[in-house]
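See structure below.
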């Protein structure tokens, strides 16, 4: 008997290899897409945090300032609540900053 050696892949082997490659590519795409979403969210929160610290610094140096009320920074809303007084000479505040994507709370203290 004369047997020929096959020098190639069967159709089944090719289909299995393609399905494994497709599943791998879909997994990599999903991970990349999630990473981009997390990056966007982190950038939004960091920007909001920077503006919140700026708000605290301006309010500390210039208590009667209307800088944030007059600015066209309408994307961010600030809500500053006086929570109480500690030992009679330090005020505790909770500052809520919110934009369309994120919301953060900052607890800070102001000496009277």
Condition met for residue 3 (modelled with pLDDT under 90, touching a strand residue (DSSP E or B) at 6+ places or on another chain (Cβ under 7 Å) and exposed (fewer than 10 other Cβ atoms within 10 Å of the Cβ)): no
Unique match (being surrounded by fewer than 11 Cβ atoms within 10 Å (Cβ to Cβ) and touching a strand residue (DSSP E or B) at 6+ places or on another chain (Cβ under 7 Å)) among 68, 109: 109
Filter result for the condition that a residue is at pLDDT below 90 and under 17 Å from the mean Cα position of the chain (by Cα), over 51, 70, 59: 51
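The values are calculated or read from the model by the stated rules, or taken from the named source; none is laboratory data. Since this is a predicted model, take the numbers as computed values, not measurements. When we count neighbours, we look across all protein chains shown, and the Cβ atoms used for this are built from the backbone with ideal geometry, even at glycine.
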